[in-house]
Amino acid sequence: MFDTLSDRLNNVFDRLRGRGALNEQDVRDAMREVRVALLEADVALPVARDFIARVTERAVGQEVLKSVTPGQQVIKIVNDELVTMLGGEDASGEATPLNLDVKPPAVVMMVGLQGSGKTTSTAKIAKLLKDKNGKKALMASLDVNRPAAQEQLAILGEQAGVATLPIIQGQQPVDIARRALESARLQNVDVLLLDTAGRLHVDEALMAEMKAVAAVSEPAEVLLVVDSLTGQDAVNVAQSFTEEVPLTGVVLTRMDGDARGGAALSMRAVTGKPIKFAGTGEKLDAIERFHPARVADRILG
Ligand code: GDP
């Protein structure tokens with residue numbers, strides 16, 4: 001993850017650290033290199049520009065340049081701004097939690113394009129909530145388009161030790177959502193995860209179905225699943241979805257194979273939506289809460 005960016009930034013930082021005094025031009029030169037590194041990592045241009053402007057403004061301040069360790073101070077500023085770029089609300093850079101604090105069952109609606117890793121992520125999050133938070137979870141697949149999508153979720157449910165709604169062939173998504181809610185209430189389920197249908201492209205039929213499901217299920221969370229390997233496309237998909245249904249967060253999958261990291265770095269600034277989870281492999285345990293401060297540490301580490 002972030003391999004190239006990490007190497008590039010560390011080169012710049014090694015040089016900054018190696019110098020005693022720094023002047024404004026040194027900072028501007030270093031920031032030009034950081035900007036190139038961000039763009040090579042596929043960070044959206046306005047996001048990279050803003051980042052550099054913020055770091056430069058703080059770093060050319062007199063206190064920084066006159067300090068005993070100016071290089072170190074500049075690196076600290078880059079770190080802080082990286083945490084902000086990754087979606088850290090404050091200096092702690094904590095992960096943005098799921099809001100499940102509603103009258104149960106709290107509905108988590110999973111949306112996204114086909115192949116993004118939506119079904120796998122549904123099972124991963126259900127398992128995580130069960131194992132780490134002691135929640136009773138139920139999953140239901142509303143994907144009636146893709147053959148065997150509902151069966152796929154049932155198989156993952158068995159592997160994860162999470163119940164799935166029994167399949168009734170021919171039932172339509174909104175009706176499945178209603179039945180899932182009913183069943184969740186009867187079984188005192190804490191969290192109901194709805195795996196909605198995906199398509200190859202954002203289209204009207206997909207959006208209409210998603211809105212209809214949201215209207216009956218009143219989700220506490222609407223999580224968009226996107227593939228980090230698609231870089232800026234992932235950010236554009238998030239933008240299209242959030243114009244139709246208010247997303248509460250993003251699940252970024254395939255972070256394990258993403259050497260560049262552009263989607264992770266641009267998502268918050270472009271869409272305003274926090275990344276809540278990162279998928280890091282095919283196994284059901286391969287998911288992490290997205291913790292901006294830790295991700296920044298990994299990049300600068
Ligand atoms: P869906 O069509 O969006 O429901 O996608 P699936 O959940 O079926 O996932 C498609 C493929 O991506 C499967 O082979 C998953 O195992 C794989 N996959 C999902 N998430 C990740 C991830 O975070 N890392 C890796 N390496 N593979 C993943």
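Before moving on, here are some points about what is shown:
- Distance from the C-alpha centroid of the stretch 86-141 to that of the stretch 154-220: 14 Å, rounded to the whole angstrom.
- Qualifying lysines (Cα of each under 21 Å from Cα of LYS276; at least 8 residues distant if same chain): LYS118, LYS124, LYS127, LYS130, LYS132, LYS135, LYS136
- The chain - share of DSSP beta bridges that are antiparallel (%, nearest 5): 10 percent
- Rg over Rh, two decimals, the stretch 20-138 (C-alpha only, Kirkwood Rh): 1.17
- Fraction of beta bridges assigned by DSSP in the stretch 212-301 that are antiparallel (%, nearest 5): 25 percent
- Nearest 10 degrees, 0 to 90: helix 262-271 Cα axis against the chain principal axis: 80 degrees
- Rounded to the nearest 10 degrees, the angle from helix 24-40 to the longest Cα principal axis of the chain is 30 degrees.
- Between helix 173-186 and the chain there is an angle of about 80 degrees, using the helix long axis and the longest principal axis of the Cα atoms.
- Qualifying aspartates and glutamates (Cα of each under 14 Å from Cα of LYS76; at least 8 residues distant if same chain): ASP14, GLU57, GLU63, ASP297
- Within the chain, helix-based [θ] at 222 nm, where runs of 4 or more DSSP H residues each add -39,500 (n - 2.57), nearest 500: -16500 deg cm²/dmol
- Its relative contact order, with pairs defined as Cα atoms under 8 Å and 6+ residues apart, puts the chain at 25 percent.
- Anisotropy class assigned to the stretch 7-70 is oblate, per the alpha carbon gyration tensor with a/c at or over the 1.5 cut-off and a/b no larger than b/c.
- Reducing the stretch 1-44 and the stretch 235-282 to their Cα centroids gives an inter-centroid distance of 25 Å.
- Distance-filtered residues of the stretch 164-183 - backbone nitrogen under 16 Å, label point 7 angstrom along ALA208 Cα→Cβ: 172-175
- Using Cβ point charges alone (K and R +1, D and E -1), the dipole size of the chain about the Cα centre works out to roughly 460 debye.
- Mean Cα-pair separation over length for the stretch 17-87, i.e. relative contact order, pairs under 8 Å, 6 or more apart, %: 44 percent
Throughout, read-outs are computed from the coordinates displayed, never taken from laboratory work. Remember, predicted model here, so these are calculated numbers, not experimental data. Glycine gets a Cβ as well: all are built from the backbone with ideal geometry, and neighbour counts include every protein chain shown.
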